[in-house]
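Have a look at the structure below before the remarks.
What follows draws every value from the coordinates through simple rules; no lab data is involved. Small disclaimer: the values here were computed from a predicted structure and weren't measured. Neighbour counts are summed over all protein chains in view; Cβ atoms, including those assigned to glycine, are modelled from backbone coordinates with ideal geometry.
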Amino acid sequence: MIKVESILKWIIEGSLLKKLKMVRAQILSKNSDAVAISDNDLHITLAAGTGWQKLRSRIKAKDIDVPEFSIDIDPTVKVIEKGGSKSWYVKLKNQQDWKEYVMDSLQGTYDSGRVYHISLANLTGNKEDSVAMIEDRDYKDEYKKFQSSKKMKKYRTELNRYNRRKGTYGNHDRKDASHKNGRIVGFEDESVNRGRAEKSRLKEKKK
């Protein structure tokens, strides 16, 4: 279940929650300093930071489709420590699928190095005290690979076909066909369509 808050997150439910509770119990039994994060606070962070804040007011949870791939975890527990904080977590399987899901849902990713994971425990039990999981990755290379994927080639073909059908292909009207949640929803200013997170984040990457 999607929740739009200060971050965009997927709330853990059902069979996955049951599996996580068992993994969390193992963490607590083996680590005396670990404090459980409550069931209600278990989630997957999909987007956060300044890029997400700029888009947040325009995003509704109901507009984001459920992932088409299986939502599952790598059961291997990992630990990260930073600045006096410590977290126990598990990574999601299908990291690339998660990244493409966020890019498709929001027309761009806001954390190029985000590792999709679920924090299960930390030193206080407060979800806010968990260590953020961002790794150093070559986003330009990832973006290039993503744009050359079959999915993105199909995406661009659909947009071009839509433009041709409307008689607007190559007319330089500074309008783009806008793609949202797997559907073409009409035209919008190219400055709006292209000014979403990926572009802003690439600029930040150069700084």
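Structure summary
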| item | result |
| --- | --- |
| Loop-resident sites, segment 44-109, for GluC sites (Glu not before Pro), counting at most 10 other Cβ within 10 Å (DSSP) | Glu68 |
| Among the listed pairs Lys30/Lys54; Lys21/Lys54; Lys19/Lys86; Lys62/Lys86, those beyond 31 Å (Cα-Cα) | Lys30/Lys54; Lys21/Lys54; Lys62/Lys86 |
| Gap separating the Cα centres of segment 19-55 and segment 74-101, nearest whole Å | 9 |
| Length released on extending from Asn31 to Arg56, taking residue separation times 0.36 nm less the Cα-Cα span | 5.3 nm |
| Amide proton proximity set for Ile37, modelled H, under 5 Å, gap of 5+ | Ala121, Asn122 |
| Rg(Cα) / (2.2 N^0.38 Å) computed for segment 2-136, rounded to two decimals | 1.03 |
| Per DSSP, loop chymotrypsin sites (Phe, Trp or Tyr not before Pro) in segment 7-78 with at most 15 further Cβ within 10 Å | Phe69 |
| Extension gain, Glu13 back to Thr76 (0.36 nm per residue minus Cα-Cα distance, nm) | 20.7 nm |
| Set Lys91/Lys127; Lys60/Lys82; Lys9/Lys166 screened for pairs whose C-alpha atoms are more than 28 Å apart | Lys60/Lys82; Lys9/Lys166 |
| Added length on full extension, which subtracts the Cα-Cα distance from 0.36 nm per residue, Asn94 to Thr157 | 20.1 nm |
